[in-house]
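Below is one structure, written out as structure tokens; the observations come after it.
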Amino acid sequence: MISTILGELKEEVKFGYLKKGHPFRYPVMASVNDGFPKQRTVVLRGTTADFDLYFYTDMRSGKIADFNKNPRTSLLFYHPKKLLQITISGVVTQIVDGSDHKEHWQRVQGNSRKDFTTANAPGTRISNPDEVEYRNNDPHFCLLKVTPDRMEYLRLKRPNHIRALFEHNGEWKGSFLTP
Ligand SMILES: Cc1cc2nc3c(=O)[nH]c(=O)nc-3n(C[C@H](O)[C@H](O)[C@H](O)COP(=O)(O)O)c2cc1C
């Protein structure tokens, strides 16, 4: 039974985001920012057979500074129709060159490429949102790979809610928790 839950969790995360409008495409990614939690919405861009998760960001963004100091993240996925919450904690690897970086940068099309080329670093104060300067030949694209080591599944339903914890130590081991 616990292995069925792990299978469902992985299935939802690995394939859900590929479906149009699926809420798991937009998880919330947390970092530790000067000792405080910080969260932001990101787009899940890919998964691997080993269940690593890929995200894109600007290498000058605040989260990168946070991950340089503490490479751990917690990802929150919520499916409102299924009343399903999944949290995934793990280690973030920053990939700024090499074949995976190149392959993912090639997937970024047209206008989306612009997002990684602002003259000023993301988060720089500006006086007018219509006057952002772009430097097209200077992308700051960073591929983030999250390697999960702890996951929680919570599904609210009657008669019994289902809550389960999975920890990775060579392999995934799961147990049910009191919801
Ligand atoms: C729908 C949506 C999707 C987003 N996707 C991403 C993303 O994939 N990567 C990213 O770095 N920021 C994304 N953002 C912006 C982040 O939420 C955040 O504002 C930005 O990354 C700066 O955060 P930071 O300063 O903590 O790094 C997205 C925002 C929204 C609203």
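Here are the numbers for the structure shown:
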item: Qualifying residue in region 21-44 (condition: of a type outside the set (A, V, I, L, M) and modelled with pLDDT under 95); result: yes
item: Number of positions in region 68-80 that are within 14 Å of the ligand (Cβ to nearest atom) and basic (Lys, Arg); result: 1
item: Where Gly98 falls short, out of the listed (1) away from the ligand (no atom under 14 Å from the Cβ); (2) under 26 Å from Lys173 (Cβ atoms); (3) of a type in the set (Gly, Ala, Ser); result: (2)
item: Search result, residues across region 16-67 that are part of a helix (DSSP H, G or I) and more than 10 Å from the ligand (Cβ to nearest atom); result: Gly16, Pro23, Phe24
item: Given (1) surrounded by fewer than 18 Cβ atoms within 10 Å (Cβ to Cβ); (2) in contact (Cβ under 8 Å) with a residue 60 or more places away in the chain; (3) away from the ligand (no atom under 16 Å from the Cβ), index of the condition Leu84 fails; result: (1)
item: Residue count, region 27-60 (criterion: exposed (fewer than 12 other Cβ atoms within 10 Å of the Cβ), hydrophobic (A, V, I, L, M, F, W, C) and under 21 Å from Phe166 (Cβ atoms)); result: 1
item: Residues (under 16 Å from Asp66 (Cα atoms) and within 15 Å of the chain's Cα centre (by Cα)) located in region 1-45; result: Val28, Met29, Ala30, Ser31, Val32, Lys38, Gln39, Arg40, Thr41, Val42
item: Residues satisfying the stated conditions in region 117-133, i.e. surrounded by 15 or more Cβ atoms within 10 Å (Cβ to Cβ) and either touching a residue at least 60 places away in the same chain (Cβ under 8 Å) or more than 21 Å from Lys63 (Cβ to Cβ) (or both); result: Thr118, Pro122
item: Test: residue in region 96-108 that is of a type in the set (Ser, Thr, Tyr) and without any contact (Cβ under 8 Å) to a residue 40 or more places away in the chain; result: yes
item: Per-region count, region 118-130, residues more than 14 Å from the ligand (Cβ to nearest atom) and not acidic (Asp, Glu); result: 4
item: Per-region count, region 1-26, residues surrounded by 16 or more Cβ atoms within 10 Å (Cβ to Cβ) and either within 14 Å of Pro148 (Cα to Cα) or aromatic (Phe, Trp, Tyr) (or both); result: 7
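The values are calculated or read from the model by the stated rules, or taken from the named source; none is laboratory data. If you're wondering where the values come from, they're calculated on a predicted model, not measured in any experiment. So basically every Cβ, Gly included, is an ideal-geometry build from the backbone, and we count neighbours across all protein chains shown.
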